[in-house]
Structures are given as structure tokens and as C-alpha cells.
Amino acid sequence: MIGGESLLLLISIDILKIPLHQEALWLTILAIGTVNLYTWLRLKTDTPVTEMEIFSQLAIDVLAIASLLYLTGGATNPFTWIFLLPVILTAIVLPHAYTWYMVILTTSLYTFLIPYHANLTAVEPHLMLMDMDMANMSASMHNMQDEEFLNFHIFGMWFGFVCSAGLVAFFSVELSNTIKAGERRLAEAREKTLQDERIIALGTLAASAAHDMGTPLGTMAIIAHELKDEYSPEVHTELHEKMQIMQDQINRCKQALSVMSASAGELRAESGHIKKLSDYLDEVLMQWRSQQPGVKLNLLINPKAPLTQAILAELTLTHSMINILNNAAEVSSLDKGIDFSINPCTVENFVGIRIRDYGPGISNKLIDKIGKVPINESNQGLGVGLFLTFSIIKRLGGTIEISNAPTGGACVDIILPLVPLN
């Protein structure tokens, strides 16, 4: 607005040679600039902007417009249409009550500008004593001046219409884009809310399942222990070996149920501590090795990887990465195994981790759904586990993407935030 006013003022004075009250006009524009400077500083504070403050800003704009119109012909100025802009903005941005206040303000100022305004040119009075020739010449000159003024006024009205059409179109497009951006953010918030509701439901089911299965597993553990005691290991060697396997599997089930309870909200004390990245990844891989001892792991470490920095070692993150490794191990052949790559990230204080399998890959239809909703494709290892994994990594400030490698197999790219190491 300040730029447009300054440009129009320079064109009117230097090109159109219209005599204007330059000093007062420049002082008015300077006052508007001062208010804008204050507003710019105000927006840097954390205090929220109220509706009354927005209305006050629009009211100041209206008073500035009225001052400019007062100095440039008042209601005869072809740019009086600009009073409509604050009314339109108030109607779109603020509640209806403020719109009527703005209508009253603009209408009152417009009415005031009809009788009261600064004259642009000094009109000389007709001389009372003149002969007929002088009178005819004077009348002819006044007619020419009136025609010139009418042509200039018509041009001003046309130019005002062009500017008004452009400004209204500009504001309409900007407001439309703002509304669309707000709707997009609301849609993303709704999607995140639905996803959080699914996670809460899954967490509740996990806690319920852990509670319901705890007693049967405890009973099975007692029976297995008693059977080992009843049969001599020297005589029933094969039975003892099978019973030992059964006890190991029962203990593993108990550990999995403990993790489910932790994921449902009963987080252990050791969860969420700061740890060196290299030590944390060693811990994750060692824990996975204990579950998958026969799977080949190709560890690829980029020399520039930030292994000496620290990461938030959270229990849910550990089990998310183990879940991805288990999914990769299920589809890869024993001779090729899986790749675990640690790479630097283009963004500072982040690390990139890639887990690749050498299986058949993932269909494009499933890639678009993974991480958004639980998928009932348990034979491909893409069920609830990956849905929770996506949610956990995003909650920690990271990103995760799944794609198919050009030479076969699927790749899971994880970017995790790092923290300062004390």
C-alpha cells in the first residue's frame, strides 16, 4: 500500500503535473510507515494477536486513506473505492459485529469528505466588470477547462476500476490460498488425530493382551520347570533339550509381553536416556542378533557417519528398529542376508540409517499404505508393527521411507535426530 501510494504521488506530481499538497501527503505516508514499523516489531513478540488489535490496524488504515483522500479532492477523487477494501477484509477475517463497525466508520468518513476536503486548484472568481468579448472568451476557456476536467475524471475513474479489479483479485487469491493452507493443516491434524487414536487403541489392546496372557504363560513356565525336575536329564536327554527350548520360548514371550506393556505407556526406567550413537546401534544389533542368530548381516558404515554423537535411546525406538530388521530377515535368503548402512545426513544433527533386504520387494499399492494404517498382510511382514514403527519414529522427530531397490529387494530409509553429548 505504501509503495503504491508513493508511486501514484510521484506520477501525479512529476508526470501529470497535478498541483498537490506534497508536504502533507508525504507526512501521511511517513505516518503509515511508522505504524507498519511498530506492527513489524509487535509481531516479533510472543503475545497473541487479538481480534480488537486486528480491527484497530484496519481502522488506522481507513484513517490513513481518509487523510490521503482529504488532501487529494475528497469525495471527488476517483480512488474513493479503496474504502471497500478494509470492509472486505474485515468481513472475511473478523466476526460480523466488527464488519458493521467498519461499515459505519468508512461511511462516516466518506460522508465527511463530500463537503470537507482540500481543493486541488485555486479557482479564480469571474470578473464582474468586463466587456462582451472578454466575457465570451472567459466562457469559452471555462468550457474547455470543464471538458478537460471531465476527461481527466473519467480517466481517473477508469484507472481506479482497473486498480480495484486487480487489488480485489489479488486479495481474493491470497485469501483463498490462506484458506486452502489452513484447510490442509486441519486435514493433516485430523489425520494425525485418527492415527493417534489407532495407536491408543492398539496400545490398549496390547496392555489387555499382556494382562490376559501373563497368567497362562506363568502356568506354562511352572509346568515346564516341574517336568524338567521330574525326569532325569541323564535318562531323558532329548526331553530335557526340548523342555529347555520350551522354557526359552516362554521367556521370550514374557519379554515380548513386557515390551507390549511398555509400549502401552508403562515405560521402563531405562527408556529415554542419552547414549552415544555407536554404542546405541551396537546394543540394537546385539539385541537383534540374540533373536536372529542365523541371519547374515552386512554392516556398512560411512566414514563420515556421526557415530561419536549422541541419540535419545528410547525403548520404543529400539524395538521399532528390531521390528524392521526382523521383517527384512524374513524375506531375505540366508546367503545374501540383509544390509545395515549408517550414513551421514545432509541435514545437520541427523543420521541416516538404511536397512535393505534381498527379497521380492513390496508392491506399489502397499508402499502407499505402509505407515498410514495397519495393513492385514502378515505374510509380508507389513502389519501393525510397521504402523507403530512409523508413528514412533515420527514422534521422535525423524522420518522413515520405504522403497524398492533397483536390483531387487526393499529399502527402509530412516533419518533420526541427534542430541548434544554432555
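In table form, for the structure just shown:
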| quantity | calculated |
| --- | --- |
| Separation of the MET52 and LEU30 label points, Cα + 7 Å toward Cβ, nm | 3.2 |
| Potential extension, ASP196-LYS304 segment - 0.36 nm per residue separation minus Cα distance | 35.3 nm |
| Protein accessible area in the stretch 1-115, 1.4 Å probe - carbon and sulfur % | 73 |
| PHE350 long-range amide H proximity, modeled H, under 5 Å | CYS345, LEU418 |
| Cα-projected label distance for TYR38 with LYS369, points at 7 Å along beta-carbon direction, nm | 5.9 |
| Mean-position separation - Cα centroids, the stretch 297-337 and the stretch 395-422, in angstrom | 10 |
| Two-site label geometry, GLU23 and PHE112: point separation in nm, points 7 Å out along Cα→Cβ | 2.3 |
| Solvent-accessible area per residue for the stretch 3-91 (1.4 angstrom probe, square angstrom) | 56 |
| Accessible area, probe 1.4 Å, largest first, for residues TRP81, TRP100, TRP40 | TRP100, TRP40, TRP81 |
| Accessible-area value, ILE13, 1.4 Å probe, nucleic acids and ligands omitted, Å² | 30 |
| Segment ASN404-LEU239, length gained on full extension (0.36 nm per residue, minus Cα span) | 54.9 nm |
| Calculated FRET value between ALA256 and ALA189, using beta carbons and R₀ = 35 Å, to 0.05 | 0.60 |
| Environment charge at ILE414 (Cβ cut-off 15 Å; Lys +1, Arg +1, Asp -1, Glu -1) | -1 |
| Violating pairs (Cα-Cα greater than 29 angstrom) within the set LYS276/LYS394; LYS192/LYS304; LYS192/LYS336; LYS44/LYS180; LYS304/LYS394; LYS254/LYS275 | LYS192/LYS304; LYS192/LYS336 |
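The values are calculated or read from the model by the stated rules, or taken from the named source; none is laboratory data. Please read these numbers as outputs of a predicted model, since none were measured by experiment. Cβ sites come from the backbone with ideal geometry, for glycine too, and all protein chains shown count toward neighbours. Only protein heavy atoms, including side chains, enter the accessible area calculation; ligands, DNA and RNA are left aside. Shrake-Rupley method; radii C 1.70, N 1.55, O 1.52, S 1.80 Å.
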